[in-house]
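Written out below as structure tokens is the structure these notes cover.
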Amino acid sequence: MTIEIGPNTFYFLNNTGEIILMGASKGAKLVFNLMIRFPHFTGVIAISTSHLGVPVYTLLANTSSG
């Protein structure tokens, strides 16, 4: 069962009754905070963007980040 608990934030209940949180962006911060504060949760999936710029080199042009 999957239930949305906020923007980009969900929790999953599997067959054994374990609760797994998943969040993206600000939801990732939320699920980490919930996991720390409440022992009910079994795991966390946190998706966050990177601030790392990776140069891209192509045959036609070069960019500072991809």
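Check segment 8-28 and report whether any residue there is assigned to a helix (DSSP H, G or I), at pLDDT 85 or above and among the basic types (Lys, Arg). No, there is no match, as no residue in segment 8-28 is assigned to a helix (DSSP H, G or I), at pLDDT 85 or above and among the basic types (Lys, Arg). One residue stands out in segment 8-49 among those that are of a type in the set (S, T, N, Q) and within 13 Å of the chain's Cα centre (by Cα): the one that is surrounded by the fewest Cβ atoms within 10 Å (Cβ to Cβ), namely Thr49.
Taking the stated definitions as given, is Thr63 modelled with pLDDT under 80, of a type in the set (Val, Ile, Thr) and within 15 Å of the chain's Cα centre (by Cα)? Talk me through it step by step, then tell me what you get.
Details: modelled with pLDDT under 80: yes; of a type in the set (Val, Ile, Thr): yes; within 15 Å of the chain's Cα centre (by Cα): no.
No; evaluated as a whole, the condition is false for this residue.
Any residue at all in segment 47-60 that's among the aromatic types (Phe, Trp, Tyr) and modelled with pLDDT of 70 or more?
Filtering segment 47-60 for residues among the aromatic types (Phe, Trp, Tyr) gives 57.
Checking the rest, the ones that are also modelled with pLDDT of 70 or more come to none.
Checked against the condition, which is being among the aromatic types (Phe, Trp, Tyr) and modelled with pLDDT of 70 or more, segment 47-60 yields no hits at all.
The values are calculated or read from the model by the stated rules, or taken from the named source; none is laboratory data. Remember, it's a predicted structure, so these values are computed and weren't measured experimentally. All Cβ positions, glycine included, derive from the backbone under ideal geometry; neighbour counts span all protein chains shown.
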